[in-house]
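The values are calculated or read from the model by the stated rules, or taken from the named source; none is laboratory data. Keep in mind that what you see is a predicted model, and the values were worked out from it rather than measured. All Cβ positions, glycine included, derive from the backbone under ideal geometry; neighbour counts span all protein chains shown.
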Amino acid sequence: MKAKGTSVLVLIFALAGAARAQTSPFEIQAFGGGWSLSPFRPLVETECERLIRSGFSGSVGSVLALVSLSPLDASVSLGTSSGYFFGGTLWYRFEGSSWAAGLEADYFDFRVPYAVSAATTLDVLGIPLASIRGSGQGTARLHGVALSFLGRWTVVSAGPLEVALRGGLMAMPFEGDFRLDQTTVVTTLVGDIRLPATLNETFDDIRGLGFDVPSLLLAPVLGIDVRIRLASRIALVLGAEAAQGTFLSAGLSLGL
């Protein structure tokens with residue numbers, strides 16, 4: 001009799017726990033994936049170009065300024081970007097609704113190669129005395145933790161399959177470093193002067209020189225999730241998102 005009573009209590013607690021799990025509004029999602037600026041031109045790309053111009057102007061530009069009477073106009077060409085990210089989201093599902101609200105945190109590490117160049121001449125009374133060319137190649141790296149405030153709307157729910165749209169706002173720190181291998185060539189009537197140099201600067205170093213480089217970027221978020229339920233509270237989640245670039249991810253979600 002005692003064993004039977006114990007079994008009944010265990011069954012009651014198990015059913016209560018299962019009911020609580022099914023009705024809990026909270027869900028945790030963990031994921032990882034790849035990140036690229038393509039095919040968009042997000043704010044982070046624009047700020048990368050500004051940062052590179054600032055660093056170039058603070059190095060090669062300072063050499064050109066010694067002999068140039070005209071302002072330096074640097075041309076920046078960004079290469080194919082690549083990076084990775086991983087993170088997690090805490091979702092709150094509104095009871096009896098297809099809507100949910102979430103808070104997401106992502107660690108990201110991102111690299112973009114670039115080439116930069118500038119040229120000018122020194123003219124006196126219309127006579128060119130020297131031409132100055134500066135060029136360089138390098139890589140800018142961004143890293144840090146981004147936070148996103150999100151909303152999610154489930155538009156398809158058929159058996160184990162769910163499709164949801166999500167949107168919100170992402171706050172991304174604009175921190176990192178960049179490397180620049182550069183050469184300045186001054187061509188005069190008596191020959192060329194070559195001035196090679198290598199820079200390894202952080203974004204904070206560039207800000208310290210007085211250049212206007214932001215420390216935080218804000219961007220809208222639009223994305224889609226495909227969820228495949230593997231168990232009563234566990235699902236495989238595949239996602240695609242457009243924010244500061246393109247994010248493709250895969251992960252698992254757990255209902256609490």
inquiry  = Contact list please: Cβ distance under 6 Å, first residue in the stretch 91-105 and in a loop (DSSP other than H, G, I, E, B), second residue of a type in the set (S, T, Y), pairs at least six apart or on different chains.
reply    = S98/T154
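For every residue, the table says whether it meets (1) surrounded by 17 or more Cβ atoms within 10 Å (Cβ to Cβ); (2) β-branched (V, I, T); (3) within 31 Å of the chain's Cα centre (by Cα).
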| position | (1), (2), (3) |
| --- | --- |
| I132 | yes, yes, no |
| G136 | yes, no, yes |
| T139 | no, yes, yes |
| S148 | yes, no, yes |
| R152 | yes, no, yes |
| V156 | no, yes, yes |
| G168 | yes, no, yes |
| F178 | yes, no, yes |
remark   = V226 vs (1) at pLDDT below 95; (2) more than 19 Å from the chain's Cα centre (by Cα): all pass except (1)
query = So which residues in the stretch 223-256 are touching a strand residue (DSSP E or B) at 6+ places or on another chain (Cβ under 6 Å), more than 30 Å from P42 (Cα to Cα) and small (G, A, S)?
reply = A235, G255
ask   = So which residues in the stretch 157-213 are assigned to a loop (DSSP other than H, G, I, E, B), out of contact with any helix residue (DSSP H, G or I) (no Cβ under 8 Å at 6 or more places or on another chain) and either among the acidic types (D, E) or at negative phi (or both)?
value = P160, L189, V190
request  = Select from the stretch 240-256 the residues that are among the small types (G, A, S) and farther than 16 Å from F149 by Cα and write down the one among them that is surrounded by the most Cβ atoms within 10 Å (Cβ to Cβ).
outcome  = G245
ask   = Taking the stretch 209-223, which residues are in contact with an Asp or Glu (Cβ under 8 Å, 6 or more places away or on another chain) and either at pLDDT 95 or above or surrounded by 12 or more Cβ atoms within 10 Å (Cβ to Cβ) (or both)?
value = V213, P214, L217, V221, L222, G223
message = Under 8 Å between Cβ atoms, which residue pairs at least 6 apart in sequence (or on different chains) link something in the stretch 221-246 that is touching a residue at least 24 places away in the same chain (Cβ under 8 Å) with a partner that is of a type in the set (F, W, Y) and assigned to a loop (DSSP other than H, G, I, E, B)?
response = A242/F40; G245/F40; T246/F40
note = Output for Cβ contacts, cut-off 6 Å, separation at least six or different chains, first residue touching a residue at least 40 places away in the same chain (Cβ under 8 Å) and farther than 16 Å from E49 by Cβ in the stretch 197-210, second surrounded by 13 or more Cβ atoms within 10 Å (Cβ to Cβ) and among the hydrophobic types (A, V, I, L, M, F, W, C), reads L199/L180
